[in-house]
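*Asks:* First the structure, then my questions, so here it is.
The values are calculated or read from the model by the stated rules, or taken from the named source; none is laboratory data. All values derive from a computational prediction rather than experimental measurement. Heads up, the Cβs are rebuilt from the backbone with ideal geometry, glycines too, and the neighbour counts pull from every protein chain shown. The protein model used for the area step is the full one, side chains on, heavy atoms only, and it has no ligands, DNA or RNA in it. Shrake-Rupley method; radii C 1.70, N 1.55, O 1.52, S 1.80 Å.
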Amino acid sequence: MSHKKVLLIIPSKIVARGLEAVLGELGEFRVEGILTDLSHANEARLRNMDADVIVIDPIVFDYVSRMSGRSRLAEHSDAAVIAIKTTPMDDEQTRQYDGIINMYDDPVTIVKKLRESLSVHEVAPSADDYDLSAREKEILVCVAKGMLNKEIADFYNISIHTVITHRKNITRKTGIKTVAGLTVYALLNNLIDSSAIEL
């Protein structure tokens, strides 16, 4: 039986080790790594890990960035992300995640929620039928014009994290990973005129 790989991003070693033990006993999910924060070094580790599910305690983010925590993780991993509530959080903070584990959930419920988060995460791409949203088309045009993420963020007055998330969605929906390929896509779909492209 192949195990689903789990990465824990939880500051409390007691909570992290407890969750690791619970998942180890049930066997379907295996903890492949534990991070206590999202420092630059840990972000690099996150990029190199091939986790199926990330379980994160949102308190690793400061209060202001907690609302965009999920998109920050999307910059580094395509895994499903489930939050573990160790402190009270409002619905706005939890809505961004693929699922929520409560501190008092029993082991069977935790595994069920991990399975559901994987299902939600896998189904999500087909829900949009791979059509680019209006904002994604705007971002695609900027990419085709040779603009950098920071320039795009400044132009639309959005965060760089949001730009990166849009770019990941564009790549996922089109299946095109290179700037040159995205430029051709934009040209073929009449999103941009060839005179607007920097050579």
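*Asks:* Filter segment 87-138 for residues that are open to solvent by less than 80 Å² (accessible area, probe 1.4 Å) and at pLDDT 90 or above and give the result.
*Replies:* Those that are open to solvent by less than 80 Å² (accessible area, probe 1.4 Å) and at pLDDT 90 or above: Ile100, Ile101, Asn102, Asp105, Asp106, Pro107, Thr109, Ile110, Val111, Lys113, Leu114, Glu138.
*Asks:* Can I ask one more? Can you list residue pairs whose Cβ atoms sit under 7 Å apart, with the first residue in segment 54-83 being closer than 24 Å to Val111 by Cβ and the second being among the polar types (S, T, N, Q) and open to solvent by less than 30 Å² (accessible area, probe 1.4 Å)? Count only pairs 6 or more apart in sequence or on different chains.
*Replies:* Every condition considered, the pairs that remain are Ile54/Ser77; Pro58/Gln93; Ala80/Ser117; Ile82/Ser117; Ala83/Thr94.
*Asks:* Quickly run through segment 147-172 and pick out the residues that are surrounded by fewer than 17 Cβ atoms within 10 Å (Cβ to Cβ) and either of a type in the set (A, V, I, L, M) or in contact with a Leu (Cβ under 9 Å, 6 or more places away or on another chain) (or both).
*Replies:* Leu148, Ile158, Ile160, Thr171
*Asks:* Here's another thing I want to ask about it. Checking Asn190 against (1) more than 13 Å from Arg135 (Cβ to Cβ); (2) part of a loop (DSSP other than H, G, I, E, B); (3) under 26 Å from the mean Cα position of the chain (by Cα), which test does it fail?
*Replies:* Unmet condition: (3).
*Asks:* Hey, another quick one. Go over the candidates Val81, Val141 one by one and state the one that is surrounded by 15 or more Cβ atoms within 10 Å (Cβ to Cβ), more than 26 Å from Glu43 (Cα to Cα) and of a type in the set (A, V, I, L, M, F, W, C).
*Replies:* Val141
*Asks:* Looking at segment 54-65, which of the residues that are within 22 Å of Ile14 (Cα to Cα) and in a helix (DSSP H, G or I) is least open to solvent (accessible area, probe 1.4 Å)?
*Replies:* Top of the filtered list is Pro58.
*Asks:* Given the conditions (1) within 21 Å of Thr94 (Cβ to Cβ); (2) not in a helix (DSSP H, G or I), report the number of the one that Lys5 does not fulfil.
*Replies:* Tallying (1) within 21 Å of Thr94 (Cβ to Cβ); (2) not in a helix (DSSP H, G or I), Lys5 fails exactly one: (1).
*Asks:* Of the conditions (1) open to solvent by 40 Å² or more (accessible area, probe 1.4 Å); (2) of a type in the set (D, E, K, R); (3) in contact with a strand residue (DSSP E or B) (Cβ under 7 Å, 6 or more places away or on another chain); (4) in a helix (DSSP H, G or I), Arg70 fails just one. Which one is it?
*Replies:* Status for Arg70: all satisfied but (1).
*Asks:* Working only within segment 10-30, note down all residues that are open to solvent by less than 20 Å² (accessible area, probe 1.4 Å), over 16 Å from Ser117 (Cα atoms) and either assigned to a strand (DSSP E or B) or β-branched (Val, Ile, Thr) (or both).
*Replies:* Scanning segment 10-30 gives a single hit, Ile10.
*Asks:* Are there any pairs with C-beta distances below 8 angstrom linking a residue in segment 148-176 that is farther than 19 Å from His76 by Cβ to a residue that is at pLDDT 90 or above and part of a loop (DSSP other than H, G, I, E, B), with the two at least 6 apart or on different chains, and if so which?
*Replies:* Qualifying pairs under 8 Å: Phe155/Met147.
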